[in-house]
């Protein structure tokens, strides 16, 4: 599978998701066999997502590791886990920090699937992140000047931003704990029925 990712082209969300997931997997030493080949390298938007995703992951490294250890991903629980965490992530609204958190979580989930010998789920994760963004975030992203607005926002630097772009540490841990609670309750109810 190939896609054209020229910096001048209109950037679609799926291309950004594919690039980010592939980047995260490669950074962790994994090869995504079904991953598309980048014809012209990463665009400015993709490079910004990579950079900001790295910053986000570094800032919350221990929390991501803890969350990864708590989430027992299986082919059956992967989507309910993703869905529960993402719904909590955007429960209080949208900002660029939460959009980055969505991409970072998707990338982390893909890495986790490789670690647990379930690389076949990665294609689904790309679909889930892309579909969620297209169905739930596209109007907000468009209102912020699209993905070029994302790049402009982060080029301002943290001192010039009017908002704290990152969800709080408590929120990130809360999303994972909430998702684990939902999944545990669901498993218990399923076993009792």
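The values are calculated or read from the model by the stated rules, or taken from the named source; none is laboratory data. Predicted model, so just to flag it, every value in this text is computed and none were measured. Quick reminder, even Gly has a Cβ in these numbers, built from the backbone with ideal geometry, and neighbours come from all protein chains shown.
Of the residues that make up segment 108-115, is at least one surrounded by fewer than 17 Cβ atoms within 10 Å (Cβ to Cβ) and either modelled with pLDDT of 95 or more or more than 15 Å from the chain's Cα centre (by Cα) (or both)? Yes, because at least one residue in segment 108-115 is surrounded by fewer than 17 Cβ atoms within 10 Å (Cβ to Cβ) and either modelled with pLDDT of 95 or more or more than 15 Å from the chain's Cα centre (by Cα) (or both). Does residue 130 satisfy being at pLDDT 70 or above, loosely packed, with under 12 Cβ neighbours inside 10 Å and either outside any helix (DSSP H, G or I) or at negative phi (or both)? For residue 130, the condition - at pLDDT 70 or above, loosely packed, with under 12 Cβ neighbours inside 10 Å and either outside any helix (DSSP H, G or I) or at negative phi (or both) - is not met. Entry remark, segment 87-107: residues being without any contact (Cβ under 8 Å) to a residue 60 or more places away in the chain and more than 9 Å from the chain's Cα centre (by Cα) number 6 in total.
State whether the residues of segment 134-144 include one that is touching a helix residue (DSSP H, G or I) at 6+ places or on another chain (Cβ under 8 Å), crowded, with 20+ Cβ neighbours inside 10 Å and part of a helix (DSSP H, G or I). There is no residue in segment 134-144 that is touching a helix residue (DSSP H, G or I) at 6+ places or on another chain (Cβ under 8 Å), crowded, with 20+ Cβ neighbours inside 10 Å and part of a helix (DSSP H, G or I). The helices (runs of 4 or more DSSP H) found entirely in segment 1-106 that carry 3 or more residues being touching a helix residue (DSSP H, G or I) at 6+ places or on another chain (Cβ under 6 Å) and modelled with pLDDT under 90 are 61-70, 78-89.
Scanning segment 60-73 for residues that are in contact (Cβ under 8 Å) with a residue 24 or more places away in the chain and surrounded by fewer than 13 Cβ atoms within 10 Å (Cβ to Cβ) yields one hit, 70.
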